[in-house]
1. Restricting attention to the range C:174-189, which residues are free of Cβ contacts under 8 Å to residues at least 60 places away in the same chain, part of a helix (DSSP H, G or I) and out of contact with any Pro (no Cβ under 8 Å at 6 or more places or on another chain)?
2. Residues in the range A:533-570 that are open to solvent by 10 Å² or more (accessible area, probe 1.4 Å), in contact with an Asp or Glu (Cβ under 6 Å, 6 or more places away or on another chain) and under 30 Å from A:Arg360 (Cβ atoms): how many?
3. Return the residues of the range C:290-304 that are of a type in the set (A, V, I, L, M) and surrounded by fewer than 24 Cβ atoms within 10 Å (Cβ to Cβ); say none if nothing qualifies.
4. The conditions are (1) without any contact (Cβ under 8 Å) to a residue 40 or more places away in the chain; (2) within 12 Å of another protein chain (Cβ to nearest Cβ); (3) under 29 Å from B:Gly224 (Cβ atoms), and C:Ser104 fails exactly one of them. Which is it?
5. Looking only at residues that are within 30 Å of B:Gly98 (Cα to Cα) and in contact (Cβ under 8 Å) with a residue 60 or more places away in the chain in the range B:236-261, which one is surrounded by the fewest Cβ atoms within 10 Å (Cβ to Cβ)?
6. Which is more than 14 Å from chain C (Cβ to nearest Cβ), buried (at least 16 other Cβ atoms within 10 Å of the Cβ), without any contact (Cβ under 8 Å) to a residue 60 or more places away in the chain and touching a helix residue (DSSP H, G or I) at 6+ places or on another chain (Cβ under 9 Å), of A:Gly471, A:Gly456, A:Gly434, A:Gly405?
7. Looking at the range C:162-169, can you tell me whether even one residue there is at pLDDT below 85, small (Gly, Ala, Ser) and open to solvent by less than 10 Å² (accessible area, probe 1.4 Å)?
8. Show the residue pairs that are 6+ apart or on different chains and have beta-carbon atoms under 6 Å apart, the first residue being within the range C:72-89 and open to solvent by 50 Å² or more (accessible area, probe 1.4 Å), the second being modelled with pLDDT under 85.
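The values are calculated or read from the model by the stated rules, or taken from the named source; none is laboratory data. This one's a predicted model, so the numbers in the text were calculated from it and none came from an experiment. Cβ sites come from the backbone with ideal geometry, for glycine too, and all protein chains shown count toward neighbours. Surface accessibility is based on the protein's heavy atoms, side chains included, excluding ligands, DNA and RNA. Shrake-Rupley method; radii C 1.70, N 1.55, O 1.52, S 1.80 Å.
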Amino acid sequence: MSFARAACAAIAAMLILAACDQPGSDGRDRVVYRHAIDGMPASLDPAHAANVYSSTLVVNLYDTLFRYRYLSRPYELAPNLASGMPEVSEDGLTWTIRLRENVRFADDPAFPDNRGREVTASDVVYSLGRHFDPATRSQGAWLWRGKITGLEEWIDGGADPDRRIPGLHAADDMTVVIELTEPYPQLAHTLAMALSAIVPREAVEHYGREFGVRPVGSGPFLLKQFDETRAVLKRNLDFDRGALDLAAEGHDPQRHAELGLGSLDGEAYPFIDRLEIHFIAEPTTRWNSFVAGEVDNVMVPPEQADRVLDSHDPLRFSPEIEQRYHTLAEPEAGFVLYGFNMANEDIGHHPDEQIDSANRALRCAMRQAFDWQERNDTFYQGLGQVFPGVIPPFLDAFDPALDAGSTARDPQQARSLLQAHEWTPETLPQLTYGLEASVHQRQMFEQFRARMSAVGIPQDRLRSRSFASFGDFSRAIANRELDLFLMGWTMAWPDAQYALQLFYGPNAAPGANSFNYDNPEFDRLFERAAALEEGEERTALYRQLNEMVIDDCVHIGSLSRTRLHLWHRHVRMLPDREMLGGYFLRFVDIGAAP
Amino acid sequence: MNTVRTLSVHKRPWSVVRTDHIATLVAIAYLAAALGVWLGLWADNWAEITGTMWADPSAAHWLGTNRLGQDILVRAVASTATAFEVGLAVALSSSIIGGLLGAVAGHFNGSPVDELILWLKGTIDAIPFYLLVVAIAFALQGHAMAMHLAMILAFWTTTARVVRAETIRIGQSGFIEAARAGGSTASRIIFRHLLPNLVHVLLVQATLVFVAAIKAEVVLSFLGIGLQDSISWGLMLAEAGQDIMAGQYMNFLVASLCLFGLVMAASLLADRLQDRLDPRTRHQRSVDIG
Amino acid sequence: MTPRIELLRFITRKLAAALPLIFGVTLISFTLTVHFGPDPAYAMLGKNPTAADVAALQRELGQDQPFWQRYASYLHRLATLDLGHTESSGEKVRDLLGRTLPVSIRLLAPGFVLGTGLALLLAMFAAWHRGGRLDRLITGISVIGMSLSFVIIIIALQAVFGVWLGWFPVRGWEVHGPASYLAHVTIPTLAFVLASIGYNTRFFRAMLVNAMSTDHVRTARAYGASPTHIMRYHVLRGCLLPITTRIVYSVPALAISGSLLLESHFSIPGIGRVTYQAILSGDQPVLIAVVGLSAVAFALTVTVADLLCRLADPRIRLA
């Protein structure tokens, strides 16, 4: 038996195994942009696009009525599939939205003769209405439930797409009319979310459950390939939104000089022929792929932050990095916070006023015992922004003058609070701290527990309960089984209302108010603010609501992580993925590679 | 050039004997460390943050600290007790279950009882090991002993198979026949005559399960479905997987060396036990990947 | 009775005996993953659901049906190979398996072949020089190999080759041809070989030592036959059965258990990772397809192994 022969056979076998995989060679594409994101979308059905990963794909495969302007900050809405901004009646209850003409769905076997047809107002009505069919398993129904006239009766009648919804209908082929039960200024924002993207009924019915992997839309790109590692998209040649008006997109020749976008003004977009979106959850691999040139951008993992930064405060990239790459440091449009379960009488609301105030003291003591700066340093390289309350600094309603005492560690005050309300190791309640089973989550628990025991809350008073799946963690919160938990909240629109709804009574678990905070005064003011248009009165109300949450010690927080983006010099873009979006991808252009 | 060696004499070179002695000493050292933890003599402060983030080894922290500033040595020592707890609980329980079911099946060889036990065993063996353990651990989630139970349910089959085979062999040797002819009941035969003769097989199997349990704990903790609210080498290794990206290797080195030492010592002891007690039995299925 | 008919009867009997096994496996796995398993509903809800939303989704997922009804419909679907759609993306489970299974095979095949081949080679050397220095060395190395946790191997390889040296991609599966295949398969193969070689070597050595203590091998050695000759015609033939059985038996377990760890850690879109994700998210159509099919595969494997035994050694008459 010759080993050489065996080795040859083995190598041959490996080559055969390798050859089984055929690269999708559908001709060379001229301009290719390879975008890396840190997670994978589960489904490409707009009705499931509730996170940034699916949104990134969905807004590029489908059209939404509105979108955010490319470069304007603060974020500003612009028409997308709509031909202009909505016309809202004086009382704020009737919205009229006109559609752009000659927009076509992509060709697909779902249509007669495989030929895509024009997008009309009834497609908008269908796309919003299907959220209320249980078979859709929508993640976005909550955005419009209870807001549209006659919607509930229509749902009770079976959510039949052939029946008319009184408050949501097509006035003509190109005009959608929405009638509301109460003013809902955020409606325009919901229509810029991927969840509201316009789908053709033919495709939904043709593909059934498989619609989630067979997108048929009218967006700037078409899907060519999709698996666990990447999605490959091709330019939709029928997509025509005219020329890019840089000034309208908020281009400031001075502020954006570095980006090199000037030459794109007046050109028709999208500019790239092929868009690859790589799903690379693992930080080191993402970084290595970027350095090796396999992808064109990277969101720098915290562990690597020191390699690219010269100084943390003020945040400055190192000169070598600045020279080699485009750089961007921006806070996430979202935050992480700890919350208490206010429905638990051991720590939350209590009918007895004295116990209620003792419970509040305990929560406040725990808040003063926790060290956000330490959390920031150990897990976010000290780059996160710690702020009091739940209105993050990127919003207009953020109050820079707000006392930051609630986020500072003060063990002295924590101890005296406990003492003043006669909390002793014996009387302290047993609390369940819920976490998702990951290394960081477990370490964060140990850090939290260590900080609590430093002010005299013994280790055995805090019991961890870990969940291997996000679904089970959510269920425990929904069933109010956890007393204390860490959660992240990503803003879907740039308005403090989206954050403050976390404490609105009627939203109590299983709704977004996971803390089951129940304060009638808060609810009253929240309802008043929600109906208001943007303005000073609304901002003042938001700030007042924020302070109520801080005063009641409902949460411990908060912290917004800072994202560091790098991209290769020859790529002309601003890769802002906040507001659950990937709208910038249609404006990406590739120059000559160095 | 190859010379034909004498094969009849079972040689025991001194070096092999010495390896065994070292293995025994190492095992005793681990046990002592665990005893200290149980008695509260040391390492009960494994959860405390006593230093700064990723501190280098110093007089205060002999092996440095982890991301949170916890002492790595203290955590490694505390994990020793966890390893013994997991290993002993699983080894003992699966030996009892596997021993009893195996002996019953072997004694009633060919009867419906035997068929039923064989069916149960075959069913469990047919489900890929980690898939089974993960599924059980998941099903019992939140239960403090979920992982232990998962391993017991998965591990008893090997013991049962060996015990069943051994029981059948003993049964054929004649003296069970004699006892049965003398009017002994089945339970009397199993407890009085069979089990005492199975002790050596059980001992070897228990040691092997002990090793397998410790290794499986590491994998499960690494996957995030291991122990609750505790410290173990598996949890330390899971942390280490993240530390390595930031260029921190201490957690990894310490946890893997501790784990390696105990598993190696226990494996060597199991080998010796096997050779001494019954050179013919060979374990076949145990955890091949782990 | 002609041998052919006897063989056919043998196969039929074996396959019939596999039915209770398949029943048991599906029942246990169904109970664990569906009855006690994670609840996928809460991960599929929107940001601000109401209690009515939760109930509607649970009804949509069929969670309100009684256990036996769900189990019966599952068995029916397995029997008709109607595997349904995944809960996450809605992709057909059959498409998903067809996409991920080849990745796993290509990922594991080199490690499996190398691990078994190398172990057999080492075992032959050890058995030939039984009691000698080489034997002690190989036995010692295999004990070390057995004591290394797979987790340690994975982290160490990732640290050395991924972070420190940077020679190979440590994650993902971007295979477009032989070069990228080699780049991606090297580290997992190495990990697999390191993890399995200790166990395999020991087992093979024990078998070979057994076979070598038979009289005719000793006689052959005494007459000075060449080692290759003796190994090939006397020893290997003698222990072909247990070795083949072990190799065949380890295949289905390998496909899931081995790939579960490797793929979930190296982010390779194979069957193991998909299964693990399905366990975590409670994606039951995927789980029951994987477990059901692996039970069938196991039953088939056992039958094939028995058949091989029979063909290799006609003296064995299995009752």
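1. Initially, the range C:174-189 is screened for residues free of Cβ contacts under 8 Å to residues at least 60 places away in the same chain, giving C:174, C:176-180, C:182-183, C:186.
Adding the requirement that they be part of a helix (DSSP H, G or I) leaves C:178-180, C:182-183, C:186.
Result: C:Pro178, C:Ala179, C:Ser180, C:Leu182, C:Thr186.
2. 2
3. Taking the range C:290-304 and keeping what is of a type in the set (A, V, I, L, M), we get C:290-291, C:293, C:295-297, C:299-300, C:302, C:304.
Answer for the range C:290-304, where residues must be of a type in the set (A, V, I, L, M) and surrounded by fewer than 24 Cβ atoms within 10 Å (Cβ to Cβ): C:Leu293, C:Val296, C:Ala297, C:Ala299, C:Leu300, C:Val302, C:Val304.
4. Condition (1) is where C:Ser104 drops out.
5. Filtering the range B:236-261 down to residues within 30 Å of B:Gly98 (Cα to Cα) leaves B:258-261.
Applying the additional criterion that residues be in contact (Cβ under 8 Å) with a residue 60 or more places away in the chain yields B:258-259, B:261.
Details: B:Cys258: 20, B:Leu259: 28, B:Gly261: 17.
Among them, the one singled out is B:Gly261.
6. A:Gly456
7. Residues of the range C:162-169 that are at pLDDT below 85, as a first pass: C:162-169.
After this cut, where a residue has to be small (Gly, Ala, Ser) as well, the list is C:162, C:166.
From what is left, the residues that are open to solvent by less than 10 Å² (accessible area, probe 1.4 Å) are C:162.
Among the residues of the range C:162-169, at least one is at pLDDT below 85, small (Gly, Ala, Ser) and open to solvent by less than 10 Å² (accessible area, probe 1.4 Å), which makes the answer yes.
8. That search, which allows pairs on different chains as well, returns C:Ser88/C:Asp283.
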